[in-house]
Amino acid sequence: MTIQTKSIEAILDRALAGADLSPQEGLMLLQQTEPEQIEIIRQAADRLRQQQVGDTVTYVINRNINFTNICEQHCSFCAFRRDEGEVGAYWLGAAQILEKTADAVQRGATEICMQGGLHPGAKHNGQSLSYYLKLIKTIKEQFPHLHLHAFSPQEVQFIAREDNLSYAQVIFALREAGVDSMPGTAAEVLDDQVRQVLCPEKIDTATWLKIVGTAHEQGLPTTSTMLSGHIETPAQQIHHFNLLRSLQQRALEQGYPGITEFILLPFVGQLAPKSLRRRVGRDQPVLADALLLTAVARIFLGRWIVNHQPSWVKLGLSGAIEALTWGCNDIGGTLMEEHITTMAGAQGGTCMQVETLKLAIANLGRPARQRNTLYQFC
Ligand code: SF4
């Protein structure tokens, strides 16, 4: 056994005994390249998953509704956005949103996940917030029991800026109107150097943390995400995990609902804007990199954020199922329609049938169970 393997085993033993790893230890795990060491990292992540959440693989029946792709920003990874009037630009009206929601409910959905581009024209009575409240009302008036997982921290900042409100005021109003939880999207990588290249117009790291922390303070649970596999370094990946862990620790110490899950979103560049695509140098995620990062996420975060989900849209169903043996315990949602990654060239599809998910989980020899957005069994 090499000295390197011995020290990796010592780090993993500490994690298995319930210790939080330091960023240096996390980085050491991420930097492993030898198959033998990567396999012991995978095994540790799988054991921790088993200890922390058991063998059941959960899924949620949900529908994505991206109400518009008209967006004022120009993130370098985004193939979804359009300018107003551009070919392919769309903006859904209330009737279309309601029709999609009714169809989702008929197909057993317990959740609508709603996010959209940052459209300065999306106003009602001259106010951005009023427009978003109207979106919520459209769904909640007819389907009050449907869980509305809606509006990213970036959208909260957009509304606050447009209407000259504080983040707390915006989140309060969204929550009062019927938003039940906030997607932890727009996090990309929580490192301002990376953000300068990926999404220079987006909120910075501190603002993302502030808005998500404010949501927790107001009793609104969030998810958490990371867009991986582009220009970021392993040190920046671990820094991102460390910020999420601290945010969650603060939320739980205060008795706030905090973060319900971590979702790894490997970068798909096939139809992304050319400059980033050229810089990254490939179109589809490298599965081996995504799996190692999945395992380290479980080892580093799992004590605090117990639910970990791969993205079948980005990795394909077979890649996502494999991730269930690298620390994940949830296969995500049926989505029913997915535009953002599919428009970037993802090959995983846009909709997943429950039976397909259940069969794939059964082939792994693990039980499958439907959950709601907050990880309560249905
Ligand atoms: S990622 Fe979101 S904010 Fe960025 S350009 Fe695309 S739609 Fe706009």
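Please treat every number below as a calculation from the coordinates, not as lab data. Quantities reported herein were computed from a predicted structural model and do not represent experimental measurements. FYI the Cβ positions are ideal-geometry reconstructions off the backbone, even for glycines, and counts take in every protein chain you see.
Here is how the numbers come out for the structure above:
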quantity	calculated
Options 47, 107, 42; residue that is touching a residue at least 40 places away in the same chain (Cβ under 8 Å) and either surrounded by fewer than 18 Cβ atoms within 10 Å (Cβ to Cβ) or small (Gly, Ala, Ser) (or both)	107
Every residue from region 170-188 that is outside any helix (DSSP H, G or I) and not polar (S, T, N, Q)	178, 179, 180, 182, 183, 184, 186, 187, 188
Residue pairs meeting the criteria (Cβ under 6 Å; at least 6 apart or on separate chains; first closer than 22 Å to residue 174 by Cα and assigned to a loop (DSSP other than H, G, I, E, B), in region 197-226; second more than 14 Å from the ligand (Cβ to nearest atom) and among the polar types (S, T, N, Q))	221/181; 221/260
Residues of region 181-193 classified as away from the ligand (no atom under 13 Å from the Cβ) and either without any contact (Cβ under 8 Å) to a residue 12 or more places away in the chain or crowded, with 21+ Cβ neighbours inside 10 Å (or both), total	5
Those residues of region 268-315 which are within 18 Å of the chain's Cα centre (by Cα), in a helix (DSSP H, G or I) and small (Gly, Ala, Ser), in sequence order	290, 295, 297
Number of the exception - residue 126 against (1) farther than 24 Å from residue 226 by Cα; (2) away from the ligand (no atom under 15 Å from the Cβ); (3) surrounded by 20 or more Cβ atoms within 10 Å (Cβ to Cβ)	(3)
Test set (1) over 22 Å from residue 182 (Cβ atoms); (2) assigned to a helix (DSSP H, G or I) - residue 251 fails condition number	(1)
From 356, 334, residue being buried (at least 19 other Cβ atoms within 10 Å of the Cβ) and not aromatic (Phe, Trp, Tyr)	334
Residue, surrounded by the fewest Cβ atoms within 10 Å (Cβ to Cβ), within region 157-169, restricted to residues that are in a helix (DSSP H, G or I) and small (Gly, Ala, Ser)	168
Flag if residue 364 is within 29 Å of residue 99 (Cα to Cα) and of a type in the set (A, V, I, L, M)	no
Total residues in region 194-211, condition away from the ligand (no atom under 13 Å from the Cβ) and either surrounded by 21 or more Cβ atoms within 10 Å (Cβ to Cβ) or of a type in the set (Gly, Ala, Ser) (or both)	3
Top-ranked residue in region 87-102 [being of a type outside the set (A, V, I, L, M, F, W, C) and without any contact (Cβ under 8 Å) to a residue 12 or more places away in the chain; ranked as farthest from residue 361 (Cα to Cα)]	93
Residues of region 329-346 satisfying the condition of being touching a Ser or Thr at 6+ places or on another chain (Cβ under 6 Å) and assigned to a loop (DSSP other than H, G, I, E, B)	337, 338
Candidates 154, 73, 96, filtered to the one that is within 16 Å of the ligand (Cβ to nearest atom) and in a helix (DSSP H, G or I)	154
Residue within region 109-120 that is more than 16 Å from the ligand (Cβ to nearest atom), of a type in the set (D, E, K, R), in contact with a strand residue (DSSP E or B) (Cβ under 9 Å, 6 or more places away or on another chain) and under 24 Å from residue 224 (Cα atoms) present	yes
Qualifying residue in region 305-313 (condition: free of Cβ contacts under 8 Å to residues at least 40 places away in the same chain, surrounded by 22 or more Cβ atoms within 10 Å (Cβ to Cβ) and hydrophobic (A, V, I, L, M, F, W, C))	yes
Close pairs from region 67-86: first farther than 17 Å from residue 270 by Cβ, partner aliphatic (A, V, I, L, M) and in a loop (DSSP other than H, G, I, E, B), Cβ under 6 Å, at least 6 apart	67/92; 70/89; 71/118; 72/118; 73/118; 82/89
